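The values are calculated or read from the model by the stated rules, or taken from the named source; none is laboratory data. All values reported here derive from a predicted model rather than from experimental measurement. All Cβ positions, even for glycine, are placed from backbone atoms using ideal geometry, and neighbour counts span all protein chains on display.
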Amino acid sequence: MKAIILAAGKGTRLGALTEDTPKPMLLVNTKPILERIILWLKENGIREIGINLFTKPKQITDYFAQGEKLGVALSFFPEKALTGTAGALGQFQNWLGDDENFVVVYGDVLTNQNLTPLIERQKKNQAFATLLIHRRASSNSYIKIDTAGRIQRFLERPENIEELQRANPAGFLVNSAVQVLSRRALTYILNHNCFDLPRDVYMKTHETEKIYTVLLEGERVAIDSAERLTLANKLFT
């Protein structure tokens, strides 16, 4: 199985930290975020990895080359304009070859999650997609699942968030930005000119397509602020 890392974001919320350094190259205990994601994928048996780029791409390609030093095969896909978490996937269509399923992870997310449960659930259910999810006290997204882990409701930035918070005092189940997608999902993205995975794909397909979930075990940090970068340095040594 192949994996795609979405690493084209500008990282503007990190302020001065990304003025000269693209966000995927920020260090977490001496290793760039992107290197840690690549090594995590390798630990999970994935050695063919495609990466989209936009901000300061040469810093990234010069550092990683083709991945030989890390024991993986890297393919880079620079973008001329940002196309979103869904739109970016179209350029990988030929690179994916005949693979029925593929992993997608955001380039600012660190986790030590074992990918095997996601991949196995995706294959067992012949799913449209299988998402890693976690629980948060409050969020701007909301996922409801059945006893088999299939998504029954998926909301992104809902207007009634306060009502949902009152109805879910134990916290929300939310998207963790690690997923296994099927070729059917990629075809949907291409046919509908989708930009954002949560809003344009999952919200619009969960009632008609089989989208399953696996609950996070272990650590997970989305590095979208200086504070979250500090937390990542504490959790990932």
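Scanning for something more than 15 Å from V178 (Cβ to Cβ) and not assigned by TED's automatic domain parsing to the domain that holds K23, does region 109-124 turn up at least one residue?
So the first thing to find is which residues in region 109-124 are more than 15 Å from V178 (Cβ to Cβ), and the list is 123-124.
Okay, now just the ones that are also not assigned by TED's automatic domain parsing to the domain that holds K23, so 123-124.
Yes, that holds for at least one residue.
Given the conditions (1) within 20 Å of L181 (Cβ to Cβ); (2) in contact (Cβ under 8 Å) with a residue 12 or more places away in the chain; (3) assigned by TED's automatic domain parsing to the domain that holds K2; (4) part of a helix (DSSP H, G or I), which single one is not true for G50?
All conditions pass for G50, except number (4).
Check L41, L34, L53 and return the single one that is surrounded by 18 or more Cβ atoms within 10 Å (Cβ to Cβ) and either more than 23 Å from L115 (Cα to Cα) or among the basic types (K, R) (or both).
Answer to the check: L53.
On the given criteria, is V28 of a type in the set (A, V, I, L, M), within 16 Å of K2 (Cβ to Cβ) and in contact (Cβ under 8 Å) with a residue 60 or more places away in the chain?
For V28, the condition - of a type in the set (A, V, I, L, M), within 16 Å of K2 (Cβ to Cβ) and in contact (Cβ under 8 Å) with a residue 60 or more places away in the chain - is not met.
Would you be able to tell me the number of residues in region 19-31 that are within 17 Å of the chain's Cα centre (by Cα) and assigned to a strand (DSSP E or B)?
Residues meeting the conditions: 0.
Of the residues Q66, Q59, Q126, Q93, which single one is more than 19 Å from R199 (Cβ to Cβ) and surrounded by 14 or more Cβ atoms within 10 Å (Cβ to Cβ)?
Matching residue, one of Q66, Q59, Q126, Q93: Q59.
For region 100-123, what are the residues that are more than 15 Å from G45 (Cα to Cα) and exposed (fewer than 15 other Cβ atoms within 10 Å of the Cβ)?
E100
When the residues of region 1-21 are filtered to those that are in contact (Cβ under 8 Å) with a residue 12 or more places away in the chain and of a type in the set (G, A, S), which remaining residue is farthest from D224 (Cα to Cα)?
Of everything passing the filter in region 1-21, A3 is farthest from D224 (Cα to Cα).
Let me confirm something: among N140, N168, N160, N125, which residue is of a type outside the set (G, A, S), at pLDDT below 80 and within 21 Å of the chain's Cα centre (by Cα)?
Only one candidate passes the filter, namely N140.
Among the residues of region 188-206, are any under 18 Å from M1 (Cβ atoms), in contact with a strand residue (DSSP E or B) (Cβ under 6 Å, 6 or more places away or on another chain) and surrounded by 14 or more Cβ atoms within 10 Å (Cβ to Cβ)? Walk me through how you get there before you give the answer.
Let us first name the residues in region 188-206 that are under 18 Å from M1 (Cβ atoms), namely none.
Scanning region 188-206 turns up no residue that is under 18 Å from M1 (Cβ atoms), in contact with a strand residue (DSSP E or B) (Cβ under 6 Å, 6 or more places away or on another chain) and surrounded by 14 or more Cβ atoms within 10 Å (Cβ to Cβ).
Of all residues in region 74-89 being of a type in the set (A, V, I, L, M) and surrounded by 17 or more Cβ atoms within 10 Å (Cβ to Cβ), which is farthest from the chain's Cα centre (by Cα)? Break it down into steps so the answer makes sense when it comes.
Taking region 74-89 as the starting set, the residues that turn out to be of a type in the set (A, V, I, L, M) are 74, 81-82, 86, 88-89.
Among the residues that remain, those that are also surrounded by 17 or more Cβ atoms within 10 Å (Cβ to Cβ) are: 74, 86, 88-89.
Values: L74: 17, A86: 10, A88: 12, L89: 12 Å.
Step by step, filter region 74-89, then rank; the result is L74.
Every residue, every condition in (1) closer than 22 Å to G84 by Cα; (2) in contact with a Pro (Cβ under 6 Å, 6 or more places away or on another chain); (3) modelled with pLDDT under 95, yes or no:
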| residue | (1), (2), (3) |
| --- | --- |
| K10 | yes, no, yes |
| L26 | yes, no, no |
| K31 | no, no, no |
| I37 | yes, no, no |
| E43 | no, no, no |
| I46 | no, no, no |
| G50 | yes, no, no |
| L53 | yes, yes, no |
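T85 fails exactly one of the following numbered conditions: (1) outside any loop (DSSP other than H, G, I, E, B); (2) hydroxyl-bearing (S, T, Y); (3) farther than 22 Å from T12 by Cα. What is the number of that condition?
Going through (1) outside any loop (DSSP other than H, G, I, E, B); (2) hydroxyl-bearing (S, T, Y); (3) farther than 22 Å from T12 by Cα one by one, T85 breaks only (3).
Exactly one of these conditions fails for N114: (1) modelled with pLDDT of 95 or more; (2) in contact with a strand residue (DSSP E or B) (Cβ under 9 Å, 6 or more places away or on another chain); (3) not in a helix (DSSP H, G or I). Give me its number.
Exception for N114: condition (2).
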